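Notes for the one structure printed next.
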Amino acid sequence: MDRAGMTLFDTAIGRCGLAWTERGVAGLQLPEASEAQSRARMQERHAGAFTGTPPGEIKTAIEAVQSLIEDGVTDLDFIVLDEAGLPDFHRQVYGALRKVAAGQTRSYGQIAADIGSPGAARAVGQALGRNPYPVIVPCHRVLAAGGRAGGFTGPGGLSTKARLLRIEGVRLDTGRDLFGQACPMAG
């Protein structure tokens, strides 16, 4: 096993964290309530990782993540992921999702069909719930059937998902609140 590094960096939504190995990006951490919590979560997920200056390709990846979170249009396809230890199904889901451009969305069922597993929408949701690379593997772009928000396990939950989608120009305006309850439309 190669040695992992990690760093925290500023974005338009707060301090994110990124871990890497010689194979690529090993994980991305969305902002927790405090920098100390973000650092602790990174250390928990990437035990033994050193805190340090990222190498050139990782620095470029961080800059691209910062740009996407700022402008909502930057492409992150070039970022190499360290997928060691991931189940094949998760790799397939993440690969399909990385093809969904900023400002676009897909449903869990559509992603399942994209990877040749129609009917596996729940399994897609479970894979996304374990996504170690949020934003790079843009799980926030996956919605439930009917355009509902669906879930989001990252810090901040559905409000973070909605915020990332707004940055990309997508509005979750279904006439329902984040819990699927009808709500009056603002006039």
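Determine, yes or no, whether Gly14 is at positive phi and not assigned by TED's automatic domain parsing to the domain that holds Cys139.
yes
Are any of the residues in region 114-132 crowded, with 16+ Cβ neighbours inside 10 Å and in contact (Cβ under 8 Å) with a residue 60 or more places away in the chain?
Among the residues of region 114-132, at least one is crowded, with 16+ Cβ neighbours inside 10 Å and in contact (Cβ under 8 Å) with a residue 60 or more places away in the chain, which makes the answer yes.
With the condition kept exactly as written, say whether any residue in region 141-148 is surrounded by 15 or more Cβ atoms within 10 Å (Cβ to Cβ), closer than 24 Å to Ala26 by Cβ and under 8 Å from the mean Cα position of the chain (by Cα).
no
Of the conditions (1) out of contact with any Pro (no Cβ under 9 Å at 6 or more places or on another chain); (2) farther than 21 Å from Ala19 by Cα, Ala112 fails just one. Which one is it?
With respect to (1) out of contact with any Pro (no Cβ under 9 Å at 6 or more places or on another chain); (2) farther than 21 Å from Ala19 by Cα, Ala112 is out only on (1).
Working only within region 22-52, note down all residues that are out of contact with any Pro (no Cβ under 9 Å at 6 or more places or on another chain) and assigned to a helix (DSSP H, G or I).
Glu35, Ala36, Arg39, Ala40, Met42, Gln43, Glu44
Please tell me if Val170 is among the hydrophobic types (A, V, I, L, M, F, W, C), touching a residue at least 40 places away in the same chain (Cβ under 8 Å) and closer than 30 Å to Ala40 by Cα.
So Val170 does not fit the description; no.
Per-residue answers, yes or no, for (1) β-branched (Val, Ile, Thr); (2) modelled with pLDDT under 95; (3) over 23 Å from Gln126 (Cβ atoms); (4) assigned by TED's automatic domain parsing to the domain that holds Val135:
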site	(1), (2), (3), (4)
Phe9	no, no, yes, no
Ala33	no, yes, yes, no
Val93	yes, no, no, yes
Lys99	no, no, no, yes
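To keep it simple, each residue is scored yes or no on (1) within 15 Å of the chain's Cα centre (by Cα); (2) outside any helix (DSSP H, G or I).
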residue	(1), (2)
Ile62	yes, no
Ala84	no, yes
Phe89	no, no
Val93	yes, no
Ala113	no, no
Ser117	no, yes
Ala127	yes, no
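Name every residue in region 72-85 that is surrounded by fewer than 18 Cβ atoms within 10 Å (Cβ to Cβ) and in contact (Cβ under 8 Å) with a residue 12 or more places away in the chain, in order of residue number.
Gly72, Val73, Thr74, Asp75, Asp77, Phe78, Val80, Ala84, listed by residue number.
For region 95-111, which positions are in a helix (DSSP H, G or I) and surrounded by 15 or more Cβ atoms within 10 Å (Cβ to Cβ)?
Result: Ala96, Leu97, Tyr108, Gly109, Gln110, Ile111.
Please verify whether Leu81 is under 13 Å from Cys16 (Cα atoms) and in contact with a Phe, Trp or Tyr (Cβ under 9 Å, 6 or more places away or on another chain), treating the condition exactly as stated. Steps first, answer last, please.
On the way: under 13 Å from Cys16 (Cα atoms): no; in contact with a Phe, Trp or Tyr (Cβ under 9 Å, 6 or more places away or on another chain): yes.
Here the answer is no, as Leu81 does not meet what is asked.
Out of Arg171, Arg176, report the one residue that is at pLDDT below 95 and touching a helix residue (DSSP H, G or I) at 6+ places or on another chain (Cβ under 8 Å).
Sole residue among the options that is at pLDDT below 95 and touching a helix residue (DSSP H, G or I) at 6+ places or on another chain (Cβ under 8 Å): Arg171.
Exactly one condition in (1) assigned to a loop (DSSP other than H, G, I, E, B); (2) of a type in the set (Gly, Ala, Ser); (3) over 14 Å from the mean Cα position of the chain (by Cα) is false for Gly151; which is it?
Every listed condition holds for Gly151 apart from (3).
Among what's in region 129-148 and is at pLDDT below 90 and part of a loop (DSSP other than H, G, I, E, B), pick the residue that is farthest from Ala19 (Cα to Cα).
Looking at the filtered set, the residue picked out is Arg148.
The values are calculated or read from the model by the stated rules, or taken from the named source; none is laboratory data. Note that this is a predicted model, so its numbers are computed, not measured. All Cβ positions, glycine included, derive from the backbone under ideal geometry; neighbour counts span all protein chains shown.
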